[in-house]
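Just below is one structure, and these are the notes that go with it.
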Amino acid sequence: FLLTFVKGKQADQVMREKPHLATTVMKSIGGGLARMHDAASGTNESVAKKSGLRWYETDGGCCDVQDQINGNILEKILDAKDSEWKDTFLDFGGRTYQRELEALRNEMKLAQDGKIEHGILHGDPFADNALVNAETGKLSAFIDIEDFCVGPLLFDLACCAIGCCFTEEQKEEDTCSGADGRPLQVLHMSLLAALLEGYGRDRNLPTMEKEHFVAFMRLALLCNCSWRFAKFNGSDAPDDAPEEAKQSFLELQERIIYLHDPKVIQQINKILDNDDNAL
């Protein structure tokens, strides 16, 4: 149900100001997300539409993942104003947008074929879209529901992980710092473990979803990365968009590259398997 007022503070701000509460915050967010997912797990397109809910393939939401599949986002990218930034977006870190897009399409076939569960999604469960009690870290509510829809539950969990569990790590100049001297994007494994622990208390993650979790993290990043690029660099972007906004897609590209590292994948899989040696 929707509340017109709820007391709380944005989760990302609480975790910055009170790092000792960070794992509590993430466990609580995980639990809240799982309860929302479990409430209508198994909902199909017909039931969604009869209930007046958006279905991700036809009505939007879910970070416009269907527009990625259909090639609509690519059209916006190719129409970008700045050719230099367009080239950077399409070819980054030894990866290419086309290769990541093909991987996204392959993974989303699992949802289209009914091999992973569908249900109610927030669609954009980043830490700034969750309100928590600033003293206890307990979840108060999710906010900003413009991407709310019925779709594959794994997308929402993966999106939450990439939007809540990354941190910036400044490396020495001669090591692997981020592009152009920006801090390196690193997954905070303790926060990820807390998110998955909290989620698992209210909804058991099926084996299929565990096996494809990292791939869905990458495709959720691609959707968010593309949205940022099109919003601030596309043909409809405001002429006075700040440079910081124009470049905001870069950190998400770096996260995609990071999530191709076999050591990182192995560590995430250990967390998914509840391996005590993962952290």
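The values are calculated or read from the model by the stated rules, or taken from the named source; none is laboratory data. None of these values were measured; they are calculated from a predicted model. Cβ placement follows ideal geometry from the backbone for every residue including glycine, while neighbour counts extend to all protein chains displayed. Accessible surface is based on the protein model in full, side chains and every heavy atom, while ligands, DNA and RNA are left aside. Shrake-Rupley method; radii C 1.70, N 1.55, O 1.52, S 1.80 Å.
One table, with the values for the structure above:
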{"quantity": "Carbon + sulfur, % of accessible area of segment 130-258 - ligands and nucleic acids excluded, 1.4 Å", "calculated": "47"}
{"quantity": "Sequence of 212, 20, 37 when ordered by accessible area, the most exposed leading, probe 1.4 angstrom", "calculated": "20, 212, 37"}
{"quantity": "Three semi-axes of the equivalent ellipsoid, segment 25-69, Cα gyration tensor, whole Å, largest first", "calculated": "23, 16, 7"}
{"quantity": "Segment 40-104, accessible surface, carbon-and-sulfur percent (1.4 angstrom probe)", "calculated": "45"}
{"quantity": "Once the Cα gyration tensor of the chain is diagonalised, semi-axes √(5λ) in Å", "calculated": "27, 24, 20"}
{"quantity": "Highest-fluctuation residue, 64, 144, 240 considered, GNM on the chain with Cα pairs under 10 Å", "calculated": "240"}
{"quantity": "Axial C-alpha extent at least 18 Å, average Kyte-Doolittle at least 0.5 - helices from the chain (DSSP)", "calculated": "213-233"}
{"quantity": "Greater than 30 Å apart at Cα, pairs in 27/76; 138/270; 109/231; 9/50; 49/109", "calculated": "27/76; 9/50"}
{"quantity": "Beta bridge orientation in the chain: antiparallel %, DSSP, nearest 5", "calculated": "95"}
{"quantity": "Computed lengthening from residue 115 to residue 13, 0.36 nm per intervening residue step minus Cα-Cα distance", "calculated": "33.1 nm"}
{"quantity": "Rounded to the nearest 10 Å², the accessible area of residue 156 at probe 1.4 Å", "calculated": "0"}
{"quantity": "Where GluC sites (Glu not before Pro) in DSSP loops with at most 12 other Cβ within 10 Å are excluded, longest remaining stretch of the chain", "calculated": "1-134"}
{"quantity": "Contact order relative to length of the chain, as percent, for alpha carbon pairs under 8 angstrom and 6 or more apart", "calculated": "26"}
{"quantity": "Segment 1-96 - percent relative contact order, Cα under 8 Å, separation 6 or more", "calculated": "8"}
{"quantity": "Over 17 Å [Cα-Cα, segment 211-277], rounded percent", "calculated": "51"}
{"quantity": "Distance (nanometres) between label positions extended 7 Å along Cα→Cβ at residue 243 and residue 264", "calculated": "2.6"}
{"quantity": "Accessible area per residue, Å², the chain with all protein chains present, probe 1.4 Å", "calculated": "49"}
{"quantity": "Electrostatic dipole magnitude of the chain [Cβ: Lys, Arg +1; Asp, Glu -1; Cα centre; debye, to 20]", "calculated": "980"}
